[in-house]
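One structure is given below, encoded as structure tokens.
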């Protein structure tokens, strides 16, 4: 099964590795690509990722005074969008990768954002955040990189206040045959080469392509969210199902 975590092992792309090794391997990937990560996102998606992230923030509808936790948000892309929308809000960016966080802080400073965003180095499976302390939890293109998805989802519910919202933006398995063939050709033939040329790391983008294929399909992720205690779980496919926006609540 995609995203399986059995026998003390976990998926790292198409490889099976010891579960305790995956976080280190993921950190190495993002250490390697941190400086070119945002540029690669634009190049890989033709800028469409910006529309997907705008959809996430639209669905969230952040308001002044809210406390929002953005997990795996190292470069601060979602956090800046939330702050633009909400104005006076507190945004916490939590990422396991210190280099990505430094990149995000630098971008925030360059943009003149000296307040409103906090930067925390932490693991999605053991968040350094108090119980029932945030109004919303967002994670964009990060859930597939955790070792134990169920544990990360349980942590999301733990830190949400009653009435708090969970939103996950993630790539999804494409189920339209023609689009799937084109998508596979682009993903496996073009993206690793682009990663080599722009970011200097072909293997990192080979992993990222493979990790999408190993991620649970939308109905399975919805089931995992429900099992973690989130309610009113739903998802919406974006751009022909290349990505999906998953929603749930702690009620």
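The values are calculated or read from the model by the stated rules, or taken from the named source; none is laboratory data. Quick caveat, the model's predicted, so the values are computed rather than measured. A quick note on method: Cβ atoms are made from the backbone with ideal geometry, for glycine too, and the neighbour counts reach across all protein chains shown.
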Legend entry - Unmet criterion (only one of (1) surrounded by fewer than 19 Cβ atoms within 10 Å (Cβ to Cβ); (2) modelled with pLDDT under 95; (3) within 24 Å of residue 17 (Cβ to Cβ)) for residue 212: (1)
Inset, instruction - Considering only residues that are out of contact with any helix residue (DSSP H, G or I) (no Cβ under 6 Å at 6 or more places or on another chain) and at pLDDT 95 or above, look in segment 67-77 and name the one that is surrounded by the most Cβ atoms within 10 Å (Cβ to Cβ). - result: 71
Legend entry - Odd one out for residue 220, checked against (1) buried (at least 21 other Cβ atoms within 10 Å of the Cβ); (2) over 27 Å from residue 34 (Cα atoms): (1)
Legend entry - Condition met for residue 105 (farther than 30 Å from residue 251 by Cα, out of contact with any helix residue (DSSP H, G or I) (no Cβ under 9 Å at 6 or more places or on another chain) and touching a residue at least 12 places away in the same chain (Cβ under 8 Å)): yes
Legend entry - All positions within segment 1-17 that are at pLDDT 90 or above and surrounded by 13 or more Cβ atoms within 10 Å (Cβ to Cβ): 9, 10, 11, 12, 13, 15, 16, 17
Inset, instruction - Looking only at segment 114-132, decide whether some residue is farther than 24 Å from residue 27 by Cβ, touching a strand residue (DSSP E or B) at 6+ places or on another chain (Cβ under 8 Å) and either at pLDDT 95 or above or surrounded by 23 or more Cβ atoms within 10 Å (Cβ to Cβ) (or both). - result: yes
Legend entry - Pairs, first on the phi > 0 side of the Ramachandran plot and free of Cβ contacts under 8 Å to residues at least 60 places away in the same chain in segment 41-68, second assigned to a loop (DSSP other than H, G, I, E, B) and surrounded by fewer than 20 Cβ atoms within 10 Å (Cβ to Cβ), C-beta under 9 Å, six or more apart: 65/88
Inset, instruction - Go through (1) in contact with a helix residue (DSSP H, G or I) (Cβ under 7 Å, 6 or more places away or on another chain); (2) surrounded by 15 or more Cβ atoms within 10 Å (Cβ to Cβ) one by one and return the number of the condition residue 158 breaks. - result: (1)
